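The values are calculated or read from the model by the stated rules, or taken from the named source; none is laboratory data. These numbers were taken from a predicted model, which means no experiment stands behind them. Neighbour counts are summed over all protein chains in view; Cβ atoms, including those assigned to glycine, are modelled from backbone coordinates with ideal geometry. What goes into the accessible areas is simple: the full protein's heavy atoms, side chains included, and nothing from ligands, DNA or RNA. Shrake-Rupley method; radii C 1.70, N 1.55, O 1.52, S 1.80 Å.
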Amino acid sequence: MSRIPRDYLINRLVTLVLTVLIAATIIWIIPRLSPVDPAEIALGRMAAGAGSVANSEEILAQLRANMGIDQPLIVQYLKYISGALVFDFGLSTAAFPTPVSTLILNALPWTMGLMILSLLITFFIGNLLGALMVWERSPKLVKVAIPAAMVFTSIPPILSGLLLMWIFAAKLQWFPLTGAYSIFVEPGWTWDFVTSVLHHGFLPALSIVVVTFGFWALGMRGLMITVQGEDYVKLAEAKGLRPRYILYRYMIRNAILPQITAFALKIGLLIAGQVLVERIFAYNGMGKLLYDAILNQDFPVIQGVSYVIILITALSVFLVDLLYPFIDPRIRHEANT
Amino acid sequence: MLDDVTKDKPVLTLEDLSIEFPTPAGVVQAVKALSLDIHKGRRVGFIGESGSGKTTTALAVMQMLAEPGRVSGGTIDLGGTNILELSEEEMRRARLSRVAYIPQGAMNSLNPVMRVEPQMWDGIIAHEGHLDRAELKRRSDAALASVGLPLHTADLYPHELSGGMKQRVCIAMGIILNPELIIADEPTSALDVVTQRQVMQTLKAIQTQIGSGLMLIGHDMGLMAQTVDELAVLKDGELVEHGTVRQILQAPAHPYTKDLISSVPLVGGESFLSPDARADAPKRTSSEPLLRFEDVRKDYGSVTALHPMSFTLQGDTPQIISIVGQSGSGKSTMGSIMLGFNPPSRGRVLFEGQDVAGMNAAQSLDFRKNVQAVFQDPYACFNPFYRVNHALKFPYKQFGLATSEAATQRAMEEACAAVGLDPELVLPRYPHQLSGGQRQRLIVARALMLSPKLLIADEPVSMVDASLRASILSNIYDLKDKYGISILYITHDLATAYHVSDYVMVLFKGHVVEAGPPKEVIGAPQHPYTRLLIDSIPWPELDRSWGDGRTDWDPANLEAEAARAEAIYRGTVPGFDLIEEAPHG
């Protein structure tokens, strides 16, 4: 770890904590600017269920006390921040009285699994195709086929999802229509369960890959065009190196660097997820959780999910910062910056 | 005429070689029926301006012509192999093992994410398969040692090397498989004179040792005279003259060759400036000196780029002050401090009595108008999306100088004319449609339009063709007398500094080591470092020694010697006061 001075590490850690703290504060403030009273919404929901509610004032007060929103703002804030540090965001108002952390904990692994897997696949495929679009020695067919495949990039994920569902699930019946795993298997680390999860995850992942690989491919194409003109690529050719070796070690190896930063930023966005993809595949991930919470004005859940997204984005950027000197030796962290 | 050397079979024979580039506007003949032999152990220089076809010829030998270029006629025979008939794979095998290429831009020629050693190994592996590690190590170490690099260089990344070291790594890579022919494409054009001499001597020594032919591409007649055996002069794709370097230097036959030889500015030689530009310039009216450095010092981390320096440039009568030194001497740091781009770590820079660091918005605008810059790279100084007239008009309006469209137009036309450009030709064009020389003149014109009081010119001609340097420098020189602009000329080219300047400061590691009028400092240097700089200039005279066989190339020795010597002040000129640095030690 000699490339990461201690001062730099401390500096970055402080930045990380501050970023998360500020972001947490902002997501706490925003709902409080809204005139909506979550207690009234809860009451409204009760009223809708029961037809009418007697002594509504008392119930409102009770609800507010339960939700903690009868206390002074500063107390609410401090409670929220100290809770956030240990991932305690209180109780969901829509799924009262389930703790928000339980909801997130149930949803997070599904999203992480699906999204990160599809992000890795799309990153790999997109960058490879982007590189092949530029490489002089790519087969002609590849150069024609890739731009044609880019058409998919302009399809909204919800449509590609529906299309894939229709073809592969409804017509061909190769994959299940919805859900994250079969209702006939018991969740656990068993072979049946894992294959069921993979089987169910394939179509949602594919629908994400199909619409997102173009982002990486186009970015990579631009970077490769720049790298292709670099003197070191010319000299590599003059050295009589094998074309494939030049492609991997001289061209892609250099062009990929900015893409890795973009990758870190995308991780955070992906947790928020392809909300609609999760929705149409009835996949119980973070996207669906957030979507439902917004519909139900479930502030604690919105806050909790936003907080987790920010935390993961900040963490992945932090990790890439630390990782960067190892993938690009020109970046060296000065101890005093 | 070359019969004394034609005993061996040539390593390279070009016969009626023609190269063309089909473009939408028609076919461009880049090289026309060129015939030439390069023999074993001989060094042949290809000299000519950019666009004369010298690099194109070299790339054709490598079979690496850029699209859509193609060999349209003739043959290229590499030691008995007609390379035009080789398959792609056969040509790949011939590269490096039979013909090696040493590139021009050594700065960017190494893969930035790989250490030096694997970049040397991959060349061997591509031709000889996977040898064992010890053998690879033995060969890369031998190659590094042969170019005078310490063995730990192998473990460094390219960005950790200086320009001279990178160029030597490229040479080491080139000779690692003992090729029959080495093509060196302006291998030292990005290096300062001292490093240039070291690298060139290294290249000569190693080429003699392995006995290969050398094709040296360049535009510097002095460098050619000191390096090659034969010279091929190219102009517009044609070989206009070919012979031994002695024949050509002593009796050039073609007028273009004569031009090339006479256009080299020499220390003590004839001035290339027109002496008639002595019109009376408008006098400056300010009691404050134009520019003043008060104990200005610049540190980058723990490195001191500029040691405390104090001087006053009165600027009442315009002057040209030259700052000369190698890369890393602190001269460009001085320039950026003067421009206010780079605040000094200590001390103050005063422009007409105002601290550059503490200006308000109005003062800052005034400062920007009055202090203009001309930088090294004419290609990077224009926004490629704007036509030239927009690029010239914009600052003129920005500084509130434009009274009417017609006046702006007139100002642009005058400025273009002043630098010898046809306004009708250049103004409506985009920067990429102009040559490097035209662009550099436009940058001078743009500065001139603002009637600044001070011009900072940082290596303004180091990237343009030799034949254009003199005329661009005379454009800049004219600014002084015709327009009353004082100029700080930052350069590593001592010959031009000798001719244009009123006062010269030689910088070494952020210290002034010698200063005074150019006739003394450059004409008769006294400080060992200044002497080193002068000795490193390749002269276009065959019998003048360029330090062949000298052993004092080791930078450490030179530095120690230069650091021991005290700064030498060689007299003053009115209007410029350099405060002498206290003797150290």
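Below are the figures for this structure:
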read-out	value
Gaussian network model of chain A, Cα within-10 Å springs - most flexible of A:48, A:107, A:145	A:48
Test item: Cα-centred dipole of chain B, Lys/Arg +1 and Asp/Glu -1 on Cβ, debye	960 debye
Point-charge dipole on Cβ atoms (K/R +1, D/E -1) for the stretch A:109-285, about Cα centre, debye to 20	660 debye
For q = 0.11, 0.12 Å⁻¹, Debye-computed log10 I/I(0) when each Cα of chain A counts as one equal scatterer	-0.91, -1.03
29 Å Cα-Cα reach of residue A:79 towards lysines, excluding residues that sit fewer than 8 places from it in its own chain	A:288
Distribution of pairwise C-alpha distances over chain B, 20 Å bins, in %	19, 50, 29, 3
Full-stretch length increase - residue B:361, residue B:569 - with 0.36 nm per residue and alpha-carbon distance subtracted	71.0 nm
Label point distance in nm, residue B:288-residue A:330, each placed 7 Å from Cα along Cα→Cβ	4.0 nm
Within the protein assembly as shown: Cβ-based charge dipole about Cα centre, in debye rounded to nearest 20 (Lys, Arg +1; Asp, Glu -1)	1460 debye
Summed buried accessible area for A+B [probe radius 1.4 Å, Å², rounded to 100]	2200 Å²
Separation between Cα centres of the stretch B:340-403 and the stretch A:238-295, rounded to whole Å	43 Å
Share of carbon and sulfur in the accessible heavy-atom surface of chain B [1.4 Å probe, %]	50 percent
Among A:96, A:202, A:184, residue whose mean-square fluctuation peaks in a GNM of chain A (springs only between Cα atoms under 10 Å)	A:184
Dipole of chain B, positive end: most advanced residue of B:511, B:309, B:362 [Cβ charges, Cα centre]	B:362
Rg [Å, one decimal], Dmax [Å, integer] - the stretch A:109-285, C-alpha atoms	18.9, 62
Solvent-accessible area per residue for the protein assembly as shown (1.4 angstrom probe, square angstrom)	45 Å²
Restraint check, B:453/B:519; B:32/B:258; B:298/B:393; B:397/B:482; B:204/B:519, Cα-Cα greater than 29 Å	B:298/B:393; B:204/B:519
Sequence-distant lysines (8 or more away, or on other chains) whose Cα lies within less than 20 Å of residue B:137	A:239, B:166
The stretch A:1-51 versus the stretch A:170-235: alpha-carbon centroid distance in Å	30 Å
Cβ-defined net charge surrounding residue B:383, 15 Å radius [Lys, Arg +1; Asp, Glu -1]	+4
At R0 = 35 Å, FRET efficiency that the Cβ-Cβ distance of residue B:240 and residue B:422 yields, to 0.05	0.80
Radius of gyration, Dmax [the stretch B:3-262; alpha carbons; angstrom]	18.2, 56
For the stretch A:106-167 and the stretch B:461-504, distance of Cα centres in Å	57 Å
When the convex hull of its Cα atoms is projected in every direction, mean area for the protein assembly as shown (nm²)	50.6 nm²
Inter-chain shielding of A:320-332 (mean C-beta neighbours from other protein chains, 10 Å cut-off)	2
Taking all pairs of distinct alpha-carbon atoms in the stretch B:510-549, Kirkwood radius in angstrom	11.3 Å
Most to least accessible of A:320, B:324 (protein chains only, probe 1.4 Å)	A:320, B:324
GluC sites (Glu not before Pro) within the stretch A:36-120: DSSP coil, no more than 12 neighbouring Cβ in 10 Å	none
